[in-house]
Amino acid sequence: MDKRVVVTGCGIVSPIGNDVPTFWKNLIDGVCGIDYIKSFPTDDLPVKIAGEVKDFNPSDYAIEPGFARKQDKFTLFAVAAAWQ
């Protein structure tokens, strides 16, 4: 393979940080992103824990409210990571 790849930046939205510096610090410190599910009721589910992204606000990443309303949350995560 002769193709080259150039990495021009990093971005991340994850259960242990919504930006690269926070993610990296929490990763090095051994912070666990697994916690009780808070985004929907789990009363009838056998599993009550997950790795949820916390404190995500699309406007922090220059995502307009009209666009944010029409997108899936995982699309917003990808756009935020790309924006970073």
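Just a few scattered comments:
- Restricting segment 36-48 to residues that are among the aliphatic types (A, V, I, L, M) and out of contact with any strand residue (DSSP E or B) (no Cβ under 6 Å at 6 or more places or on another chain), the residue that is surrounded by the fewest Cβ atoms within 10 Å (Cβ to Cβ): VAL47
- Pairs where the first residue, in segment 1-17, is on the phi > 0 side of the Ramachandran plot and the second is surrounded by fewer than 17 Cβ atoms within 10 Å (Cβ to Cβ) and of a type in the set (Asp, Glu), C-beta under 7 Å, 6+ apart: none
- Single match in PHE67, PHE74 (criterion: farther than 21 Å from THR22 by Cα, assigned to a helix (DSSP H, G or I) and either open to solvent by 80 Å² or more (accessible area, probe 1.4 Å) or touching a Cys at 6+ places or on another chain (Cβ under 6 Å) (or both)): PHE67
- Checking GLU52 against (1) in a helix (DSSP H, G or I); (2) of a type in the set (Asp, Glu); (3) open to solvent by less than 60 Å² (accessible area, probe 1.4 Å), the condition it does not meet: (1)
- Residue match in segment 20-29 (condition: free of Cβ contacts under 8 Å to residues at least 24 places away in the same chain, among the aliphatic types (A, V, I, L, M), farther than 25 Å from TRP83 by Cα and surrounded by fewer than 10 Cβ atoms within 10 Å (Cβ to Cβ)): no
- Qualifying positions in segment 55-64 - open to solvent by 50 Å² or more (accessible area, probe 1.4 Å) and of a type outside the set (A, V, I, L, M, F, W, C): ASP55, ASN57, SER59, ASP60, GLU64
- Of the criteria (1) modelled with pLDDT under 95; (2) out of contact with any Cys (no Cβ under 9 Å at 6 or more places or on another chain), which one ILE28 fails: (1)
- Single match in LYS54, LYS48 (criterion: modelled with pLDDT under 95, of a type outside the set (Ser, Thr, Tyr) and either out of contact with any helix residue (DSSP H, G or I) (no Cβ under 8 Å at 6 or more places or on another chain) or at positive phi (or both)): LYS54
The values are calculated or read from the model by the stated rules, or taken from the named source; none is laboratory data. Keep in mind the model is a prediction, meaning the values are calculated, not measured. A quick note on method: Cβ atoms are made from the backbone with ideal geometry, for glycine too, and the neighbour counts reach across all protein chains shown. These area figures cover heavy atoms from the full protein model, side chains too; ligands, DNA and RNA do not enter into them. Shrake-Rupley method; radii C 1.70, N 1.55, O 1.52, S 1.80 Å.
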